[in-house]
1. Please go through region 537-589 and pick out each residue that is acidic (Asp, Glu) and either open to solvent by less than 20 Å² (accessible area, probe 1.4 Å) or in contact with a strand residue (DSSP E or B) (Cβ under 7 Å, 6 or more places away or on another chain) (or both).
2. Run residue 737 past the list (1) more than 20 Å from residue 777 (Cα to Cα); (2) surrounded by fewer than 23 Cβ atoms within 10 Å (Cβ to Cβ); (3) under 34 Å from the mean Cα position of the chain (by Cα) and report the number of the one that doesn't hold.
3. With the structure loaded, tell me whether residue 360 is open to solvent by 50 Å² or more (accessible area, probe 1.4 Å), touching an Asp or Glu at 6+ places or on another chain (Cβ under 9 Å) and among the basic types (Lys, Arg) or whether it fails that test.
4. Report every pair of residues separated by at least 6 positions or lying on different chains whose Cβ atoms are under 9 Å apart, first residue within region 693-711 and without any contact (Cβ under 8 Å) to a residue 40 or more places away in the chain and surrounded by fewer than 14 Cβ atoms within 10 Å (Cβ to Cβ), second in a helix (DSSP H, G or I) and not aliphatic (A, V, I, L, M).
5. Can you tell me which of 403, 420, 407 is touching a residue at least 60 places away in the same chain (Cβ under 8 Å) and over 30 Å from the mean Cα position of the chain (by Cα)?
6. Give the number of residues within region 415-435 that are buried (at least 17 other Cβ atoms within 10 Å of the Cβ) and either in contact with a Ser or Thr (Cβ under 9 Å, 6 or more places away or on another chain) or in a helix (DSSP H, G or I) (or both).
7. Do you know which residues across region 738-762 are among the small types (Gly, Ala, Ser) and either touching a residue at least 60 places away in the same chain (Cβ under 8 Å) or over 18 Å from residue 787 (Cβ atoms) (or both)?
Amino acid sequence: MTPLLLATLAYATGLLAGLRAPLPVAFGLVLLGFAVLLLNLGWRRSIALSFCAAGLLAGGLRRNAVLADCRQHLPDGAVLRIAGVPPVLPTEGVSIPFDAVIEIIQEGDVAGSACRGLIRARAPARLLPALDSAARGTSPPILARARWLAYPERSGWPRRADFAGSALIDALEPRPDSMAAVPRAGPVRRFRTAQQARLRALLPERWGFAEALLLAQTSGLSPETRNTWVAAGLVHLLAISGMHVGLIAGAVLALAAACGTGPRTARRIAVLVTACYVLFLGAPSAALRALLQATLLLCSVELQRPTQPFTALSCAALVILMIEPLAVLDPGFQLSFAGMIGLVAWRRPVAELLPTALHRYLRDGIAAGVSASALTTPVAALHFGTASWIGVPATLIAAPLLGFAVGALLVALLVAALTGITAGPHALVADVPLRLLDLVAELAAGVPAGHGYMAASTVMACLAAAAAALLARRALVGSEPPLPPPSHAPAHIHERWSRRHRLRRLRVAAAAAAAVAAIAWTPLLLQPRDGRVEIHAIDVGQGDAFAIRTPANRWLLVDAGPRSMRFDAGRDRVVPYLLKHGVRRLDAMILTHPDADHIGGAAAVLEVFDVATVIDPGFAAGKDLFIDLIAAARRTDSRWIAAREGITLRLDGVEVSILFPLSALDAAADANDTSVVFRLVFGAFSALFLGDAPTSVEERLIARHGDRLRTTLLKVGHHGSNTSTGEVLLAAIRPSVAVVSAGRNNRYGHPAPAVLRRLAEHEVRVLRTDVHGNITIRATRSGTLEMLAR
């Protein structure tokens, strides 16, 4: 391990701890580290402690800066006035970056001071021409009125402030003189938007791919396309990385050689042009890593000094992390460096294991794919919940196509810029490799057992087991103790040998214990057959998702949370939660009604799990999400039935009885009026799930069933809206516990104060996902309850 590699690993470790821990804790650890440095630890441990302490301090400072950013504290549903320009061309239905001054509007007046920074904004189709002109620089910066949609927190790690939410632009306004200085489109941004416009004109169907491959803009890729490329194991090709930077540098070197330029001058021009290209893109982590490595390599050639691959890689990582500490949490950064580490460490050993009869390209390609995938697969599974084993053969086919596609796109863009012609052979040549790449991704994603879904806890268990195995191997093989000293040797020699021998045994024991713990981790997560029913309220933000486990480990799911362009609760919350709890099959999925905050994540659930039966009200809704869900269900073997009074599911002593809808539905009815209401009974325990049913439905049910609806647990209707959970219902069912599923600081004000007041008057204990996060309620046949919130 070189000193620079040791320093980088120590700095990254300290950075992660600093980003997770509050600044006072990080500062205290820094002081402790420097106190330990006063001891004589040797140069390696001194380097490690020094850089770890520096990382701790940098991480703590960055965390505080991110949490204090004004964009993180914009209340959900706030009315905003934003003024500025989008740095990229807008796309209908997609949130794009917007460099703006932000002001909160209350009752027509500005409330508080202006906040400035990059936010995500989305505009309706009628306003796109104005945003397009502002992005190109052909019109002044715009002023718009917007509503703020705050994104729910996904983890305890700090997130970039521009991902705190999205501004939904409603209307444009004339700019007042009182507005603070407004950002404008500079020449670099205008040039970039001009290239975007050319790509969209050249490739009207696949401009999203072209922008991703050339301009590092992925807003034109639909969620379905991203999921397909993740499942195919090709998502790393959509990011500007070493391959793209290498193609640019190689093209410049070839052009310089053709012009008769000397090697030294050609290398310098290649570095300069590549640096300009990376800065033009905004210096994404993967591209900046490749640029730094290429620069170090060319410098070593200039100086005629040998280059150690891990040293160059460590230098690139250290520079990036010092510039932006949050890069350590970025999936692109982690995938880029994981792939390079795998290539540097294992490509040659893997190639030597392959048969020599294989063609050299094939052997090198397989070795590169296997060695890179060994580390990128767990990283991708950790972030995207998908581990793709088909990625290696798919990359062998897609990588040459990618090189051809990037070259063809550059040529087509150059021809279009010089001639102004956007339709012709050059556009067709650029379109063909993109079509082939899309076809390869679809075929690879469709290969049976080509990819699988993994919970983050399972990924961490596998990584811990692998690390434990490496430590055990090093302890057993790489650190063999010397032979015992002769009996006539001095006492201090015998004491030193004994100390080394004890240390070796301790390392072996620690490695074995870590391996056992890691291997045992995943099975321990599986719920036992303990004679209890469990109800899990999954925190999906402003929406509903409840998982029910029977005493024999059979599972039901009630709704699956919302879905938007940036957040799919099914993929990001529900699927990982179920996988973490050992779910492999759902006996039933109840979709209470076709609103987006209830069925948005259902398509992701159907894709991952075998769902025996889907139950919904049978309400014909023409909403896009509902149509997509129907299409997803057709690709499965799930039985789809309409929920009606009298239908009962019986699983392991648990009875789920549908109470509403009573009969055929009115096509003109509101979706909430058709919401499925059911009652779960397990011995003396019962639970009533209201969906989004209004008080009119509640009163009909009470009139029909009366005191027979007495309930231990109430799933509060419509996220705690004042239109549900009426006095008549509470007086009749008399629950002990109520669960409210709502988003933090949601713009609807759920749960309503009046509902909370009614529940308090009836002495009902209230648990809320917006306050308590994920909630688990366990009940025995006797009615004893155990409640956990985390």
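The values are calculated or read from the model by the stated rules, or taken from the named source; none is laboratory data. Fair warning: this is a prediction, and the values are worked out from it, not measured in the lab. Positions of Cβ are backbone-derived with ideal geometry, glycine not excepted, and every protein chain shown enters the neighbour counts. Surface areas here come from the heavy atoms of the whole protein model, side chains and all, with no ligands, DNA or RNA. Shrake-Rupley method; radii C 1.70, N 1.55, O 1.52, S 1.80 Å.
1. Within region 537-589, 539, 544, 559, 568, 587 meet the criteria.
2. Failed condition: (1).
3. When the stated conditions are applied, residue 360 does not pass them.
4. As it stands, the answer is 696/673, since those pairs meet every condition given.
5. Within the list 403, 420, 407, the selection yields 407.
6. Residues meeting the conditions: 9.
7. Result: 741, 742, 743, 749, 752, 754.
One line per residue, one yes/no per condition, for (1) modelled with pLDDT of 90 or more; (2) more than 23 Å from residue 725 (Cα to Cα); (3) among the polar types (S, T, N, Q):
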residue: 603; (1), (2), (3): no, yes, no
residue: 633; (1), (2), (3): no, yes, no
residue: 650; (1), (2), (3): yes, yes, no
residue: 658; (1), (2), (3): yes, no, no
residue: 662; (1), (2), (3): no, no, no
residue: 683; (1), (2), (3): yes, yes, no
residue: 686; (1), (2), (3): yes, no, yes
residue: 689; (1), (2), (3): yes, no, no
residue: 700; (1), (2), (3): yes, no, no
